[in-house]
Structures are given as C-alpha cells and as structure tokens.
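The values are calculated or read from the model by the stated rules, or taken from the named source; none is laboratory data. Since this is a predicted model, take the numbers as computed values, not measurements. Cβ placement follows ideal geometry from the backbone for every residue including glycine, while neighbour counts extend to all protein chains displayed.
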Amino acid sequence: MKNSLRYALAALAVWPATALTQQQKITPPIAVYWMSVDTTSGLPMGGMGGGGGPSAMDIGRMMLGGGMDGGPNRTMWLELGSQRSASGTPAAAHEIPAGLKMGASLRLETPQRQRAEPREDGMPENFEKPRGRMLIFWGCGEQAGAGQPYVVDFSKLAQGDVPQGLISRRVNVPRGPSASRSKTYGDWPNQRDGQRVPGDASLRGDHQVKGNYSPDIRFSLADKYDFMEPVTVAQAKSGGGVRLSWNSVANVNGYFATAMGGKEGTEDVVFWSSSNSREFGDQLMNWLPPGEVARLIKERVVMPASTTECVVPAQFVAAAPAAFLRFIAYGDEANFVHPPRPKDPNAVWNQEWAAKVRFKSTAAALLGEEGMGGSGLRSRSGSAASGGSSATPNPADAVQEGVKALKGLFGF
C-alpha cells in the first residue's frame, strides 16, 4: 500500500501541469475593433505596410486634409472586422465623445477593392529589380562599431542569394482586422470621410461602435489613453556624426530611430538604426504592444523611456549625406473584451467582441536639419526642405528605392 502511494505521488510530480489544471475554453470574438492613434511631427512619413501596419495608401488616407508644413498632426486609423455577414449593405459607425470635435460619429466604410492580377514571376505589380547595394549601420555613437557596414548586394539578392543572418530578429507586430480575415470589414478614414483630426481633439470619454454586421461595442477611455504629445527632436553636429536629442514624452514605453539615404553618383542605399544590433527597423516604426517593447528594450533594440539622446555615426553620415530620419515614441494600449472572463474556469468564455486602442508619437525630417517636430523646416542650404537644390541628392529617391527593394524581396 505504501509503495502504491509512493508511485502515485511520483507520477503526479512528473505529470504535465496542463493535465492537472483544466484549461478554460474560449471562443474567439465575433467582432474585433482597433483604433490606431498617432501624433505625427515633421515631414509626412511613408507607408508601414506589413505586420499589421497601414500601407502607404492607408497612411495617405490617414493624412487627408493634413498640412505639409511639418506641424504636429493627430491621426486615427479605425478598423472593424466581423465574422458576421451584413444584413443588406454593410453599415457601421463609431459614435465618438464630444471632446474629439468631429461630429457625433465617424462612418466606417467597407472598401471596394479590386484584386490585382499577380505577375508571372511572383513579384508585385510595377516591381523593378533593385540595383546597387544596401549598406547597413547600427548603434548610437560618433563612430560605427566593428563589422560595419553590413553589405547586401541587391543583384545577388534578387537571384535568391540571401546572405546568412540578414534577418537578425523577428518583431511581434500583431495583425488587426482586415478585409481578407473578416466576412465583413469597415474602416475610417475613407473616400466618404477623410476629415482631419483637430489639433485639440481628445479621445477621453465613452465610445460606441454600431453596425449591421457586428455586436454593439462599448468602451470608455480614461485620461491616460489620449493622443500622445508631439516628439520634438533636435539635431546638432557631433564630430562627423549627428547628435539627436528629444523631449521626454509622457506615457511612453521606449524610443527608436532609423534613417535611410544615399549619396549622389552611387546606387547604394544606406540604412541606420539606433539598435545595438543590426536591424532593418521598418517593422519597428509600427505600433508595438508594451510587452514587445519591454522585450526589445532588454535586447537593446529599443531605447528605454529614460533615454533622451543618440548620435548617428559619422560613417553613416559620410555614406549618406542625404538621408531621411524617422523617430518613434511607443505609447501604451487599452484592451477591452466583452463579456468579461467568467470566474468559473469550467465555464466557456464566449467572447462577443474585443477592442484595442493603441498609441504612438512619430517624427520625420531630413537628417542634419536643425530640428524635427516644428513647422517651417529649413534645409542645410537655407531653402525650404521641400524645395532643395538641383545639385543636392533627393533622399526620398533613396528611401523609395530601399523600401521597394525590401518589400519586393522580403514581402515587408
């Protein structure tokens, strides 16, 4: 009897915990609603497609009515995805608090997108094989670290010769609602309504989303969950590099900076990120969950919230005298699920809807400008940043070439 008891206890000690604790059964929500909120400063930034972020077209729609003067803008991207079919023509609207100053509601439209026929070679439409090389720098400091730059030959890459260790880390970017993953989908801004978010708008208060293809969604946002303040990044020479310094943003979880550019007379695309390790950084310019930001801070990819400066190395500045700088401050996020989780672990949690509100504050400018986040940015020659001299390389061309190469070859 004693031996039998001993054997039974020993078996329990090595038995998997999942066998001893019954897992609560959860049915996924019928509808998922995301509010992606951004405060943008400086020059308009390009698309952040892939990984759940808006594409270049989406960003353009987000900024309809926005100015090009470099002043701060507040933007929102609203998405509703449901596993229900609409009863008739799809219709949904987000009833907003008065503090948003955009009327009583924002109408969510179901986009009528025509699917483009794929090319025979599998590449996106209008894709051109990139030329030249990509030179990758990383880290904060006047001098680049050992082993830099990391060189990628685009011609070899296009032929399928992918350098070992090219992708050093996968970033967890959640995928939100989309037309492809939903029976019915609606978003804002859209062709019917692309009004600009007022500069003094506030998200605080009660929100309700109603539609004929989803359950009613209700949640309330407290003071903490509002538009983040603008990021103001000052730039100054530091040896041969450029010192970036910025204001400490409230309710921030971490910071990240990246730049891409080139030099006249070459076909090289030159890339830099503030990470302590080699990173492309495109996905890091997206909304990231606080837990993912915390992980990336531990891995010294994202700068902690206490950081207020970083130096772009001299070697990058020499290789890309014309470069486009992007900066992000990661904010918090609010998550809601209805109904709440049952206290009884044996009860099935039948979720009706889930909502997420996520925040970031971003800035962009030409590297070497005197400041980011203010209006009336001036170029190094003293002319308007949007004008420039005909003899000065246009960093936008290098940026577009690099982004085109990455998206075409890696599906970013």
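What are the pairs with Cβ atoms under 7 angstrom where one residue, in the stretch 216-230, is among the charged types (D, E, K, R) and the other, located anywhere, is modelled with pLDDT of 95 or more and in a strand (DSSP E or B)? Sequence gap at least six, or different chains.
ASP216/GLN208; ASP216/LYS210; ARG218/GLN208; LYS224/ASP332; GLU229/THR39; GLU229/SER361
In the stretch 314-333, is there at least one residue being at pLDDT 95 or above, surrounded by fewer than 24 Cβ atoms within 10 Å (Cβ to Cβ) and among the polar types (S, T, N, Q)?
Checked the stretch 314-333: at least one residue is at pLDDT 95 or above, surrounded by fewer than 24 Cβ atoms within 10 Å (Cβ to Cβ) and among the polar types (S, T, N, Q).
Give just the number: which of (1) under 26 Å from ASN212 (Cβ atoms); (2) modelled with pLDDT of 85 or more does LYS101 not satisfy?
For LYS101, the exception is condition (1).
Among the residues of the stretch 336-373, how many are surrounded by fewer than 21 Cβ atoms within 10 Å (Cβ to Cβ) and over 23 Å from THR40 (Cα atoms)?
18
Of (1) of a type in the set (S, T, N, Q); (2) within 30 Å of GLY205 (Cβ to Cβ); (3) at pLDDT below 95, GLN283 satisfies all except one. Which?
Against the list (1) of a type in the set (S, T, N, Q); (2) within 30 Å of GLY205 (Cβ to Cβ); (3) at pLDDT below 95, GLN283 comes up short only on (2).
Kindly indicate the residue of the stretch 286-313 that is touching a Ser or Thr at 6+ places or on another chain (Cβ under 7 Å) and of a type outside the set (D, E, K, R) and also surrounded by the fewest Cβ atoms within 10 Å (Cβ to Cβ) among those meeting that condition.
THR308
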